[in-house]
Amino acid sequence: MPRYSGSIGIGDVLVTREGPWWASAAIRFGAKLRRRPDFCNHAIVVHHRDEAGTLWGVEGRPGGVGWRDLSGPVTWPLTNANNTQPKTDDQRAQLAEIMVEMLGRPYDWRGIAEDTRQALHLVWGRSLALEWAEGEIPGQVVCSSLADFAYEKVGLQNPGGGKITRATTPGDWDAWMIEHDWQGFSPPAAQWSGGA
């Protein structure tokens, strides 16, 4: 059984443990260094259920943002989700639209380098990956920053809280889900107008 309960809907975020063991272990080790839960190393935004009943999501990955069959991840024992976070039908539709607009965006290797630097507390001078500017549509993303960006754009609470987007990690999403940090949050107005 996964760590969440209840049904999964469009726009929900899943965090999972997957990928090559060395990459998974490195990301989870970074989470541990940052005092975040180290169960998961990947984030996926749920997009739709097809005619056959298969749930599909969109993920940031080294080959670029792309589609993902969620049949396995929704059942894995370490998977967590924010499915109890309140979302309107309009927000869910906007999240799905943003995911389609972001398809094909390249992976944010500079963001990964900065996450690694921060996790190891290295001092390399200025930040390698500055936060995206207000209103900027990112040219590159990783799985967790893609989800954080989309949530900010539709006015939903997210682990970065509107101040950190590019450096949001799967561990940040997982900690936020475990604590149900969206409770008591009054969202700002949605900012998404399409056209990523």
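Please treat every number below as a calculation from the coordinates, not as lab data. No experiment lies behind these values; they were computed from the predicted model shown. Methodologically, a virtual Cβ is constructed for each residue, glycine included, from the backbone with ideal geometry; neighbour enumeration extends over all protein chains shown.
Just a few scattered comments:
- Region 13-179: relative contact order in percent, alpha carbon pairs under 8 Å with at least 6 residues between: 27 percent
- Each stretch of four or more DSSP H residues adds -39500 (n - 2.57); spread over every residue of the chain, this sum gives -9500 deg cm²/dmol at 222 nm.
- Spacing of the modelled spin labels on W76 and A93, each 7 Å from Cα toward Cβ, amounts to 3.2 nm.
- Distance from region 10-72 to region 159-174 (C-alpha centre basis), Å: 14 Å
- Of all DSSP beta bridges in the chain, antiparallel share, percent nearest 5: 95 percent
- HN-Hα J in Hz across region 36-48 - Karplus 6.51, -1.76, 1.60, θ = phi - 60°, x for Gly and Pro: 10, x, 10, 6, 10, 9, 8, 10, 9, 9, 5, 10, 6
- Each residue, E134 and L33, gets one label point 7 Å from its Cα in the Cβ direction; the gap between the two is 3.3 nm.
- Residue among R61, R35, R166 with the largest mean-square fluctuation in a Gaussian network model of the chain, springs linking Cα atoms under 10 Å: R35
- Three-way shape call for region 1-59 based on the alpha-carbon gyration tensor, with the a/c threshold at 1.5: prolate
- Here is the tail figure for region 13-179: Cα pairs spaced more than 28 Å apart come to 15 percent of all pairs.
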